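Taken together, the values in this text are just the output of simple stated rules run on the coordinates, not laboratory data. What you see is a predicted model; the values in this text were computed from it and never measured. Reconstructed Cβ throughout: ideal geometry from the backbone, glycine too, with neighbour counts over all protein chains shown.
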Amino acid sequence: MNLLLFERIINIIVVITNIRGVTMVYENKKYNILVVSNEIKTINKLSILFESSKYNFELIRDPLSAINEVETKNYDLIIINFTFSQKLLKLLIKKIRIFDAFTYITLLVENNNISEALEIVKDYDIQAYHNKDEDFNKLVILVELITNSIYEFMRVNMTIDNYSSDYKSPYLTTVQILRNIVEYKDTYTIGHSFRVSKYSLLIGKHMKLSRTNLKNLKVGSMFHDIGKIGIPNHILLKNCALTNNEYLQIKNHPLIGSHILFPTTIYSKIIPIVKFHHERFDGNGYPAKLKGEEIPLLVRIVSIADTFDAMTSGRTYRKSLPLDVVISEFEKNKGTQFDPEITDVFLDILKNDFSKVKKIQEKYT
Ligand SMILES: [Fe+2]
């Protein structure tokens, strides 16, 4: 057993010790388990393991179909058989992490591929692995440990999510204070996050997004630049060209922001907006160089709203641009920087419903 797994299991054991008193509630929790495997022997063994009513067990035989599933469903644990190409496996794991940063991933490996698998365990955020050449009971124990750990993780977060407002509000207020500090640090961006949030909602409503998506869009866009709190003032406020090194530091703000919000699941749905709002549709953005629909839908909306506000509000390094120039910029960058379909929605708003945009500009200047 490698050190990483050993440490994690010790942590899980500590957690289990702490939750003995709540076993009754734990027993009622059903765990959504996805197994991605094309190997009959493994499938048969796992089907027996997950027969219990404690699990909702799903089996998918190839990583590409699994990618479609993880985009729309939430799983507590995903077990992936290390029998597919590394390219496909990495793509699947990357996707899982985009859509749910908290899903437990376990790899099933064999003696002959264990070193390649361990590279992936180290490089990607994978919690555990099981060697199929060892005793199957070890996997049974591992799954038990993981589900117990998931329970504890949910319990802590449910406590925060459902707590009386006198606990939850201070948490939200703390994050809002951080956002205010960012705007206080960079006076030119005062109102920026409000406007980006309002423009994003305008686009989202035109696209007839669900209420939940609109809520996540509203909060995520509000906090999208929160990571700028970690950028030194002399760089953030510089009113002439940045050096390469300074630009690299500015480019860290999406990752800094995602770390600030990471500690609780309240923010799990909005972290992708914070983390990926500088990705580009053609894959030339940062920090992950995601491409096309790899970039979550809400992020593609915020990226348009964010750029629109950067173009139309005077910044330290650029005067605001007239509407006709803005429109031609969006037309020019449709399909390269921005999602072409969402750009068309936004262009339609700019050309036919500009009064709504104007109202936002006047209210949040
Ligand atoms: Fe940003």
(message) What FRET efficiency comes out for residue 86 versus residue 348 if R0 is 45 angstrom and r is the Cβ-Cβ distance? Round to the nearest 0.05.
(response) 0.60
(message) Can you list residues from other chains, or at least 5 along the same chain, whose modelled amide H is less than 5 Å from the amide H of residue 338?
(response) 281
(message) If neighbour count is taken as other Cβ atoms inside 10 Å, put 61, 97 in order from fewest to most.
(response) 61, 97
(message) As an exercise, use a Förster radius of 41 Å and the Cβ-Cβ distance of residue 218 and residue 324 to find the FRET efficiency, rounded to the nearest 0.05.
(response) 0.90
(message) Could you work out how much longer the chain between residue 137 and residue 110 gets when fully extended? Use 0.36 nm per residue separation minus the Cα distance between them, nm to one decimal.
(response) 8.2 nm
(request) Would you kindly state how much longer the chain becomes between residue 32 and residue 284 on full extension, computed as 0.36 nm times their sequence separation minus their alpha carbon distance, in nm to one decimal? (result) 87.2 nm
